[in-house]
1. Among 87, 27, 122, rank each residue by its count of other Cβ atoms within 10 Å, from fewest to most, as a rough exposure measure.
2. Normalising by the residue count of segment 31-172, find the relative contact order in percent from Cα pairs under 8 Å and 6+ residues apart.
3. I need the phi-derived Karplus couplings for segment 75-87: 6.51 cos²θ - 1.76 cosθ + 1.60, θ = phi - 60°, integer Hz, Gly and Pro marked x.
4. Could you pull out which residues in segment 144-162 have an amide N less than 20 Å from a spot 7 Å beyond the Cα of residue 77, following the Cα-Cβ vector?
5. Nearest 20 debye, what's the magnitude of the dipole of the chain about its Cα centre given +1 on Lys and Arg Cβ and -1 on Asp and Glu Cβ?
6. So which lysines can residue 105 reach, going by Cα to Cα under 23 Å and dropping same-chain residues fewer than 8 places off?
7. Per residue of segment 16-27, what does 6.51 cos²θ - 1.76 cosθ + 1.60 with θ = phi - 60° give for ³J(HN,Hα)? Whole Hz please, x for Gly and Pro, Karplus curve as stated.
8. Only helical DSSP H runs with n ≥ 4 go in: add -39500 (n - 2.57) per run for the chain, normalise by residue count and round the 222 nm mean residue ellipticity to 500 deg cm²/dmol.
Amino acid sequence: MREGWNDTLVNWVLRWLPLFVSILWLMISFIPLKSELSANARPMLGLMCVYFWTAYRSDLFSLMSVFILGVVSDVLSLAPLGIHLFMYLIMYLSVTKISKYINDKTFEMLWIGLALLLPVAMLSGWLLTSIYYADFLPLKSLVFSYLISVALYPIFGGINAVIVNSCLQDDN
């Protein structure tokens, strides 16, 4: 029996839900705050999105999603085009390489995995940005962003886990 247009629309929205949620997280992360620290050190929600969705639902978060998320992140941050995309690709490829080791692991193990992979992606973005500006950028804000990201991942991951369990459980 043929699906109706509303079933097709629901399937399409569920298929792209990880990307929509990730873009929403990015928009939230770029809300301007009146703090010296928040101007320089923000949680790396884009990298956390790539890590989470690739680890949990890699079938719904493809390279196309990573590309779109990277371009949106570069435009929102006013960074040179390709910096965030490069970091997101490194995170995506790293998680896909170790996915056989992190599948069906506890949340704590996934948190440790993020803590280990996040510096690799962040340092690669820092190096690429430093090369672009022909000057080494200060590492202090990068360290603060890393610490904030690792500290906030349980909250972030918990909210995304609710989305996975409530919306995306029965789509197979």
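Read-outs throughout are calculated quantities, based only on the coordinates presented, and are distinct from any laboratory measurement. Because the structure is a prediction, the values reported are computed rather than measured. Methodologically, a virtual Cβ is constructed for each residue, glycine included, from the backbone with ideal geometry; neighbour enumeration extends over all protein chains shown.
1. Least crowded to most crowded, the residues run 27, 122, 87.
2. 29 percent
3. Couplings: 5, 5, 8, 6, 7, x, 4, x, 5, 5, 4, 4, 5 Hz.
4. 144-154, 156-157
5. The dipole of the chain has a size of about 240 debye.
6. Output for residue 105: 97.
7. Listing the rounded values in order: 9, 4, x, 5, 4, 5, 5, 5, 4, 4, 4, 4 Hz.
8. -26000 deg cm²/dmol
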